[in-house]
Amino acid sequence: MRFYDVDFGEVLVDDVNIKEYDLHSLRQGISMVMQEPIIFNYSILENVLYGKTDATNDEVKQACELANCMEFIDSKDLKFDDSAQGLIGEMKSN
């Protein structure tokens, strides 16, 4: 995420020094999962949308599949619906 620059040596991404990347673009392309993840007191959908507010429902579901949390979601009988865009508006207003 390039919160700190290295004191010596270099960090390469695709053989390019990380300092040569635009910081905003770099951070958009990298995700970070803390060792002790914090789950906000909202729905799973809202938690995923916190990371990418313009995500479609398919992207939210794909993110959950990549995070290996579909078993948990299925065990709670949670369903994906078409409410992602509505929730985005609610999140922004709050």
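The values are calculated or read from the model by the stated rules, or taken from the named source; none is laboratory data. Because the structure is a prediction, the values reported are computed rather than measured. For neighbour counting, all protein chains shown are included, and Cβ atoms are generated from backbone atoms with ideal geometry for every residue, glycine included.
Is it the case that some residue within the stretch 38-61 is modelled with pLDDT under 80, surrounded by 13 or more Cβ atoms within 10 Å (Cβ to Cβ) and among the charged types (D, E, K, R)?
Yes, the stretch 38-61 contains at least one residue that is modelled with pLDDT under 80, surrounded by 13 or more Cβ atoms within 10 Å (Cβ to Cβ) and among the charged types (D, E, K, R).
Can you tell me which residue within the stretch 18-33, out of those that are exposed (fewer than 11 other Cβ atoms within 10 Å of the Cβ) and farther than 24 Å from V48 by Cβ, is nearest to the chain's Cα centre (by Cα)?
Looking at the filtered set, the residue picked out is D22.
For the stretch 8-36, name all the residues that are of a type in the set (D, E, K, R) and either at pLDDT below 80 or in a helix (DSSP H, G or I) (or both).
Hits for the stretch 8-36 are K19, E20, R27, E36.
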